Each structure stands twice: as structure tokens, then as C-alpha cells.
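Asker: Submitted below is the structure of interest, expressed as C-alpha cells.
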Amino acid sequence: MIYLPGLILALAAFWFALSGETAPLFLMLGALSVLLTLWLVARLKIVDRDASPYHRAPQMVIYGVWLIGEIVKANVAVVRRILGPTHAIDPVMVNVTSSARTSLGRAIFANSITLTPGTVTVDVDGDKLKVHALVRETSSAASFAPMDRKVAATADGGKS
Amino acid sequence: MLLVAGAAGLLIAMAMMIARAIMGPSHYDRILAVNSFGTKTVLLLAVVGFVFGRPAFLDIAIVYALINFVTTIALMKFFRYRSLAQPLCNPVAEEARDG
Amino acid sequence: MGDVLSWAGGGLVIVGVALSVLGAVGVLRFPDFYTRIHAASITDTGGASLVLLGLCLIAGLSLVTLKLVFVWVFVMLTTPVAANALANAAFSSGHKPRIGAFQIVRTDERRKTPRGTDQP
């Protein structure tokens, strides 16, 4: 329940950003839609510490910027494979272990791997991830270590 | 002018996606093509909104992005379980593991 | 100044669209389902980001820019989940990836598996 005010504030701000209306009727409809969303969220029982990581927001922004840099590099690499000859691609399945303790950290790690072109998380079982990678030589299990360290530091607050 | 060219390029990419959706060969290739087609549709809606000077198209783009996501998840769930009534995760097992 | 920004925005849109087309080329060219996911994610990340960033430059600072940012956040949050759901459903239903050495394996496998038999 401690995370409810933050959620209400975020929903209200989101509604206002999408509509931009200030007439009383629209404000009332907006309040109604916020209430409806709150009811749905309460039914789902997902308002907890993992779903409201405000205490980690600055670290998440820093991690997001770093991830965008990685995505740019990976984009260039995959575009070169697309334009190159077919036999230049050399896919491989890699087993990666996540050192993040919380499910939030594991979710961020798996989604970061999928978001980076050239690597897709195929299966998650506890802290074991199965990753399909497009390029064998740049995708050893050790090449995921920097991202893993940063995710663990971002989500769980360890040292980076 | 640049935006019109961009919209035309997106239409070409969408046509290629339809080609992959028709060729298959597996269901997963087809759904991947449809999902990628949806992402390009979102971009096309945004670009076309700017071409016609009606940024209200962006609201439609947001809704389309969400529908595209739900469609893919629902299709994948259906192919995996052959039913949409199946719970995606078992709440009892989740609580036993986390708690 | 505004003119320069809108030209730069148009250029970014064109680059993003070019990336989308390249991703589509990859989806058509790559040999199996798992490699095609990688090509599709080019469109979802690079293409979408550049197109939306270009439109942001054209729009300037307004609610429209905020909406573009929302579209970007939605795309960035939903596409990895969708790609993961696809890959996981394919993998757990026994859709085997063709690892490595495609050129040789590919032709025999095409003959062995008739069209559409690799459904779960």
C-alpha cells in the first residue's frame, strides 16, 4: 500500500500528458480512468517493491544510457551481417548465469539481452538463461559479464 | 518531402514483411513477421501524422503499439497451450518459490 | 534554426527507415527462425528509435514530443517481451535452431522437412 500514492501520481501525470485537457468533465473522466486502472492493478496484486523501483530510478537512467550505447554498437554489427554473405553468420546457443538476486534484476537482464540486436534470451530458469546469439566470436558467456554486473548493481544495489 | 520518402520506405519494408509472413515456413516465422509489421505500422502512423500535419495520429500509434504487443502474446499463448483460458503462470508455485 | 532542425529530423527519419528496410532484408535473407529474430530486432530498436527521434526534432518541444517519447518507451518495453515470448514458445515446443554451418546443413534440411510440419 506504501507504493499507492506514487502509482496514482504517475497515472494522473500520464493521463494528463496524453490528453492535455483541463475542462472539468475531462478531468472527471480522467479521475475515473485512474480509479479503474487502480482497481485492475489491485486485482492483479502487483503493487510491491519490485514493481515500484523509485529508489533505483537514477541508477536505472544511467544504465539505460549505457544500454543505448550497446544497442547502437550491436545494430552496426548485425547490419553488417545482414549485408554480408550468408555464410558469414555463425549462430550459437550460450548458457548465461545472472548474478542478480531479485526477479526485477533478472527480468531487466533478460530483456536487455533481447533488446540488444544479435542476442535473444530463449529460456529463463531461475538464474540460468539460454541465449541465442548471431555471432559466435563476440558472444561467449564471458561477454555478457559487463551487462550482468551493471544490471546487478542497478537492480540490487551491489558494486558495479 | 523527406517524410514522404520515409513513409514510402516503410511501406516497402512492410511489403517485405508480408512476403515473409506468406512464405513462412513455420508459424513462428509468420508471427514474427506480423509482429515486425506491427512495429513498422506504428512508425508509419507517426510519420504519416506529421506528413498530413495531424499529430493526433500519434494517439492511434500508441494504441496500435499496445494492440500489437497483446496480439503477439495472445497468439504465442494460444500456440503453446492451445487455449487462452490457461493461466500464464501458476500463482501457487510462484509464491512457493519467491516466499 | 527551426529549418535546420527539421532537415536534421528528416534525415534521421530517413536513416531510421533505411535501418527498418535493412531489418526486413535480414528477415527475408536469414536462414532460420532464431536468426530472423535478430534481424527483426534491428527494426524494433535502431529503426524505431531513429525515426521517433527525427520526428521529435521536427515537432520541437510540446505535448507531441512527449507522446513520441511514450511511443518510444512502449516500443522499447514491449518488443523484447514479445521477442522473448516468441523465442521461448518456439524453443519449448521443440522448434530446433540450425546452429552454425548453414550453407551445408540448410539444403538437406529443406528436403527433409516439408513445409509447415514444424508446428508444435
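The values are calculated or read from the model by the stated rules, or taken from the named source; none is laboratory data. On a predicted model such as this, the values are computed, not experimentally measured, just so you know. With ideal geometry, Cβ positions are generated from the backbone for all residues, glycine too; neighbour counts draw on all protein chains shown.
Asker: Residues that are closer than 21 Å to B:His27 by Cα and not aliphatic (A, V, I, L, M): which helices (runs of 4 or more DSSP H) entirely in the range C:1-77 hold 2 or more of them?
Answerer: C:2-29, C:33-42
Asker: Right, another one. Please count how many residues of the range A:125-136 are within 12 Å of chain C (Cβ to nearest Cβ) and part of a loop (DSSP other than H, G, I, E, B). Reasoning before the result, please.
Answerer: Looking only at the range A:125-136, we keep the residues that are within 12 Å of chain C (Cβ to nearest Cβ), and these are A:125, A:129-136.
In the following step, the residues that additionally are part of a loop (DSSP other than H, G, I, E, B) were identified as A:134, A:136.
Matching residues across the range A:125-136 total 2.
Asker: I need the helices (runs of 4 or more DSSP H) fully contained in the range A:1-104, keeping only those with at least 3 residues that are β-branched (Val, Ile, Thr) and surrounded by 11 or more Cβ atoms within 10 Å (Cβ to Cβ).
Answerer: A:24-44, A:57-83
Asker: Same structure again: Checking the condition under 25 Å from B:Leu45 (Cα atoms) and modelled with pLDDT of 90 or more, which residue from C:Leu66, C:Leu77, C:Leu50 passes?
Answerer: Every option except C:Leu50 fails the conditions.
Asker: Something else now. I'm trying to understand the selection: among the residues of the range B:11-29, which are surrounded by 16 or more Cβ atoms within 10 Å (Cβ to Cβ) and assigned to a helix (DSSP H, G or I)?
Answerer: B:Ala13, B:Met14, B:Met16, B:Met17, B:Arg20, B:Ala21, B:His27, B:Tyr28, B:Asp29, listed by residue number.
Asker: Is at least one residue of the range C:54-71 under 19 Å from C:Val21 (Cα atoms) and at the interface with chain A (Cβ under 10 Å from one of its Cβ atoms)?
Answerer: There is no residue in the range C:54-71 that is under 19 Å from C:Val21 (Cα atoms) and at the interface with chain A (Cβ under 10 Å from one of its Cβ atoms).
Asker: Within the bounds of the range A:150-158, is there any residue that is at pLDDT below 85 and of a type in the set (S, T, N, Q)?
Answerer: Checked the range A:150-158: at least one residue is at pLDDT below 85 and of a type in the set (S, T, N, Q).
Asker: When the residues of the range A:137-160 are filtered to those that are out of contact with any helix residue (DSSP H, G or I) (no Cβ under 8 Å at 6 or more places or on another chain) and part of a helix (DSSP H, G or I), which remaining residue is surrounded by the fewest Cβ atoms within 10 Å (Cβ to Cβ)? Break it down into steps so the answer makes sense when it comes.
Answerer: To start, the set of residues in the range A:137-160 that are out of contact with any helix residue (DSSP H, G or I) (no Cβ under 8 Å at 6 or more places or on another chain) comprises A:137, A:139-143, A:145-146, A:149.
Right, trim to part of a helix (DSSP H, G or I) and you get A:141-143, A:145-146, A:149.
Working: A:Ala141: 13, A:Ala142: 10, A:Ser143: 15, A:Ala145: 13, A:Pro146: 12, A:Arg149: 15.
For the range A:137-160, the residue satisfying everything is A:Ala142.
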